[in-house]
Amino acid sequence: MATKSKLGPGRRVHCGMVVPNRTWDHVFPRGWYPEDTPRNLEKWKVPACLRCNAEYGRIEEELGILIALCIGPGAPNAKGMYRKALRSMDPSRGRNFKDRVRREQKRQKVLQRLIKGRAIPDEGAYPGLEERWGRPREEQLAVHVPSAHLHRLVEKIVKGIAFIEDGRYVDSSAEIKHHVITQEGAEPLLQLLQRHGKIHSRAPGIEVLRAVTPEDGVSAIYKMTIWGQLVMYASVLRTGAKQR
């Protein structure tokens, strides 16, 4: 989500456009840092615009609640995130009438995404967010997490780290792919990352392992781990156009 600090004219990291005024946006959602995150930890920010900030803010707010509910209250790398998600949907905690209405709307939206018992599909669980408590099928609850939101989050993290680490804009000259694969299926990628990758950690909640091809400095593979549970893989491939 965005900060209120404004920048001058220049290029935006998310969409690559040049605008007269920019603001800062957090590479990793500001509200996703667990309670035990060190106070002095630098929270990476990149130049963006208000439109992109607002769009990502809506996506990240919804994703944060849904993922926290999937992970549950006991995840060691997500201290306080489950309670925070529940509080955000509790109308009784609203500061005023408008805030209470907003919280109730979020609660109803999440309830509409719930799937219960036998209605839960046999396939389609995102790796790392599967049932982990050993409950009978009849007692299980699942929640639909929009895949488009996850894809957008992956793109944002890829572009943000490329800018912070290399000063590069990942634009239309490169294709970002989000790979939904299991731990077993990811083994070839993991081997490459372990040999050539560099860890970018915003501990304890967020870690990214990244390996960049030295030939062009743009093509890369990523492993992104959120709260020790949600693992997302991505690749960046040059499409042939000149990188600016």
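The values are calculated or read from the model by the stated rules, or taken from the named source; none is laboratory data. Computed from a predicted model, the values in this text were never measured in an experiment. All Cβ positions, even for glycine, are placed from backbone atoms using ideal geometry, and neighbour counts span all protein chains on display.
Residue-wise test of (1) more than 30 Å from Gly124 (Cα to Cα); (2) part of a loop (DSSP other than H, G, I, E, B).
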residue: His14; (1), (2): no, yes
residue: Phe28; (1), (2): no, yes
residue: Glu35; (1), (2): yes, yes
residue: Pro47; (1), (2): yes, no
residue: Ala68; (1), (2): no, no
Of Glu35, Glu62, Glu55, which residue is acidic (Asp, Glu), without any contact (Cβ under 8 Å) to a residue 24 or more places away in the chain and under 30 Å from Leu141 (Cα atoms)? Glu55
Tally, over region 176-223, of residues that are free of Cβ contacts under 8 Å to residues at least 12 places away in the same chain, under 27 Å from Leu41 (Cβ atoms) and touching a His at 6+ places or on another chain (Cβ under 9 Å): 0
From the set of residues in region 109-131 that are of a type in the set (D, E, K, R) and free of Cβ contacts under 8 Å to residues at least 24 places away in the same chain, which is surrounded by the most Cβ atoms within 10 Å (Cβ to Cβ)? Glu131
In region 172-216, the residues that are basic (Lys, Arg) and either in a strand (DSSP E or B) or on the phi > 0 side of the Ramachandran plot (or both): Lys177, Lys198, Arg202, Arg210
Matching option when the condition is at pLDDT 95 or above and part of a loop (DSSP other than H, G, I, E, B), among Arg107, Arg95, Arg102: Arg95
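Restricting attention to region 53-62, does a residue exist that is more than 16 Å from the chain's Cα centre (by Cα) and charged (D, E, K, R)?
No, every residue in region 53-62 fails to be more than 16 Å from the chain's Cα centre (by Cα) and charged (D, E, K, R).
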Could you tell me which residue of region 208-244 is surrounded by the most Cβ atoms within 10 Å (Cβ to Cβ), considering only residues that are modelled with pLDDT under 95 and of a type in the set (D, E, K, R)? Arg238
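Closer than 20 Å to Val143 by Cβ, assigned to a loop (DSSP other than H, G, I, E, B) and in contact with a Gly (Cβ under 8 Å, 6 or more places away or on another chain): is that true of Ala85 in this structure? Walk me through how you get there before you give the answer.
Working: closer than 20 Å to Val143 by Cβ: yes; assigned to a loop (DSSP other than H, G, I, E, B): no; in contact with a Gly (Cβ under 8 Å, 6 or more places away or on another chain): yes.
The answer is no for Ala85.
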